[in-house]
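Provided herewith is a single structure, encoded as structure tokens, for subsequent inquiry.
The values are calculated or read from the model by the stated rules, or taken from the named source; none is laboratory data. Only a predicted model underlies this, so the values are computations on that prediction, with no experimental measurement involved. Reconstructed Cβ throughout: ideal geometry from the backbone, glycine too, with neighbour counts over all protein chains shown.
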Amino acid sequence: MKKKKIPDSVTINRKAKFDYVLGDDISVGMVLTGPEVRLIRDHHVQLKGSFVTIRNGELWLNNLTLGADTARNIKLLATRKQIDMLEQEKVAGSTIVPVKLLGGGRHIKLVIAVGKGKKKYDKRQTIKKRDIERGRY
């Protein structure tokens, strides 16, 4: 019997690239239950509007939309070194943004990145650059 191939990238947070100037990214694990894994593998997940916080020395993904549920909070698995580095970046004024959800193998991973928020004029520049690349001007 042939195994069903699971795509590498389950979902991408496109809004993150538009709203933030992203820095280095880190791949972290997630603490999930069986039904949550099934919903993610069936592509019933949205990263839009979700964000990462640090509480009691642990990473948490907030406002993950799974299926019909809305605000889900999920614990993320990272090394102490990675968490300390992210904490330092957060103190410096950056935001931790979920970028991509990977489900290519046995494990489901979340790619998070440190980002600085863009101003309105930066977003206009991004739109202008994208339109020029498409050949609209």
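I need the full set of residues from the stretch 79-101 which are closer than 16 Å to Val31 by Cβ and either without any contact (Cβ under 8 Å) to a residue 24 or more places away in the chain or buried (at least 19 other Cβ atoms within 10 Å of the Cβ) (or both), in order please.
Once the filter is applied, which keeps residues that are closer than 16 Å to Val31 by Cβ and either without any contact (Cβ under 8 Å) to a residue 24 or more places away in the chain or buried (at least 19 other Cβ atoms within 10 Å of the Cβ) (or both), the stretch 79-101 yields Thr79, Pro98, Leu101.
Being at pLDDT 85 or above and of a type outside the set (Ser, Thr, Tyr) is true for just one of Lys81, Lys119. Which residue is that?
Values: Lys119 fails: at pLDDT 85 or above.
Within the list Lys81, Lys119, the selection yields Lys81.
Given the structure, is Ile74 surrounded by 12 or more Cβ atoms within 10 Å (Cβ to Cβ) and touching a helix residue (DSSP H, G or I) at 6+ places or on another chain (Cβ under 8 Å)? Steps first, answer last, please.
On the way: surrounded by 12 or more Cβ atoms within 10 Å (Cβ to Cβ): yes; touching a helix residue (DSSP H, G or I) at 6+ places or on another chain (Cβ under 8 Å): yes.
Considered against the rule, which asks whether it is surrounded by 12 or more Cβ atoms within 10 Å (Cβ to Cβ) and touching a helix residue (DSSP H, G or I) at 6+ places or on another chain (Cβ under 8 Å), Ile74 comes out as yes.
Shifting gears a bit: Could you say which residue among Leu39, Leu110 is crowded, with 17+ Cβ neighbours inside 10 Å, under 19 Å from Ile12 (Cα atoms) and under 12 Å from the mean Cα position of the chain (by Cα)? Give the steps one after another, and end with the answer.
Numbers: Leu39 fails: under 12 Å from the mean Cα position of the chain (by Cα).
Checking each option against the conditions leaves just Leu110.
Name the strands (runs of 3 or more DSSP E) wholly inside the stretch 22-137 in which the number of residues that are of a type in the set (Gly, Ala, Ser) is 3 or more.
On the way: elements: 51-55, 58-66, 72-77, 95-102, 109-117.
Once the strands (runs of 3 or more DSSP E) in the stretch 22-137 are filtered for at least 3 residues that are of a type in the set (Gly, Ala, Ser), what remains is 109-117.
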